[in-house]
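S.K.: The following block contains the structure, expressed as structure tokens.
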Amino acid sequence: MNICVYCGSSAGTSEIIKRAAYQLGEELAKNGFGLVYGGANVGLMGAVADGSLSSGGQVYGVLPRELIKYEIVHKGLTELQITDSMHERKSEMEKKADAFVTLPGAVGTWEEFFEQLTWGQIGIHCKKVYLLNIDSYYDLLIAFIKKSFAMGFTQQATMDNLYICNDVSRVIQLLVEQRRKGGIKKNN
């Protein structure tokens, strides 16, 4: 089973978040999950890939051709897929994944997170979406999502598909539990 991780191409300033990204990669590998991610060797993306590879994990990178010129391609991956566009990249990542975990990041990460919530809501897939709120990074976003639900804009089914975790061990525990129960599924 493969877990898609969305996260920043920047490492940010929080050492707690950087360590958590590496730890997430390690724990995914130790628990038999493959990693699907954006294919870069920089920022949190590089940290999560390095963590998984250090523990013998299978790591699948998906990178749009236009980013190759920035020389950020991770060289140690199990497999690297080059796509013609960002849209194709996101589609390929979704196809390879059985669930999604979002670490801290910026607008690209947020867009990927919300896209998967949306795709689940409209039935494109039936995969779980995890928001990893390390170092309170997503506190305001979580409050906003809860407000949207309280005001009737976000559906109960979307809330039921979103798992908010404050540490790596909790998200791993939920992924393992879902796998055991058969709750991690491919596309409908």
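S.K.: Test Gly32 against the stated conditions and say whether it is free of Cβ contacts under 8 Å to residues at least 40 places away in the same chain, assigned to a loop (DSSP other than H, G, I, E, B), farther than 21 Å from Gln116 by Cβ and in contact with a Leu (Cβ under 7 Å, 6 or more places away or on another chain).
M.R.: Against the criterion (free of Cβ contacts under 8 Å to residues at least 40 places away in the same chain, assigned to a loop (DSSP other than H, G, I, E, B), farther than 21 Å from Gln116 by Cβ and in contact with a Leu (Cβ under 7 Å, 6 or more places away or on another chain)), Gly32 does not qualify.
S.K.: What residue, among those in region 26-72 that are modelled with pLDDT under 95 and among the β-branched types (Val, Ile, Thr), is farthest from Asp167 (Cα to Cα)?
M.R.: Taking the candidates together, the pick is Ile68.
S.K.: Give me the residue from region 69-92 that is free of Cβ contacts under 8 Å to residues at least 40 places away in the same chain and of a type in the set (Lys, Arg) and, out of that set, farthest from Lys127 (Cα to Cα).
M.R.: The qualifying residue farthest from Lys127 (Cα to Cα) is Lys69.
S.K.: Pairs needed: first member in region 38-55, assigned to a helix (DSSP H, G or I); second member anywhere, among the acidic types (Asp, Glu); C-beta distance under 7 Å; at least 6 residues apart or different chains.
M.R.: These pairs meet every condition: Gly51/Glu26; Ser52/Glu26; Ser54/Glu26.
Quick grid of which residues meet (1) more than 18 Å from Glu112 (Cβ to Cβ); (2) part of a loop (DSSP other than H, G, I, E, B); (3) without any contact (Cβ under 8 Å) to a residue 24 or more places away in the chain; (4) acidic (Asp, Glu):
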residue: Ile16; (1), (2), (3), (4): yes, no, no, no
residue: Arg19; (1), (2), (3), (4): yes, no, yes, no
residue: Gly25; (1), (2), (3), (4): no, no, no, no
residue: Gly61; (1), (2), (3), (4): no, no, no, no
residue: Glu94; (1), (2), (3), (4): no, no, no, yes
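S.K.: When only residues in region 157-188 that are among the small types (Gly, Ala, Ser) and farther than 16 Å from Ile122 by Cβ count, which is modelled with the lowest pLDDT?
M.R.: Going through the qualifying residues, I end up with Gly183.
S.K.: Residues to consider are Thr118, Thr102; find the one that is surrounded by fewer than 20 Cβ atoms within 10 Å (Cβ to Cβ) and either modelled with pLDDT under 95 or out of contact with any Pro (no Cβ under 8 Å at 6 or more places or on another chain) (or both).
M.R.: Of the residues listed, the single one that is surrounded by fewer than 20 Cβ atoms within 10 Å (Cβ to Cβ) and either modelled with pLDDT under 95 or out of contact with any Pro (no Cβ under 8 Å at 6 or more places or on another chain) (or both) is Thr118.
S.K.: Follow-up question, since we're still on this one. Check Ser136 against each of (1) free of Cβ contacts under 8 Å to residues at least 40 places away in the same chain; (2) of a type in the set (S, T, N, Q); (3) touching a Cys at 6+ places or on another chain (Cβ under 7 Å) and name the one condition it does not meet.
M.R.: Against the list (1) free of Cβ contacts under 8 Å to residues at least 40 places away in the same chain; (2) of a type in the set (S, T, N, Q); (3) touching a Cys at 6+ places or on another chain (Cβ under 7 Å), Ser136 comes up short only on (3).
The values are calculated or read from the model by the stated rules, or taken from the named source; none is laboratory data. Remember, predicted model here, so these are calculated numbers, not experimental data. Note: ideal-geometry Cβ built from the backbone for every residue, glycine included; neighbour counts use all protein chains shown.
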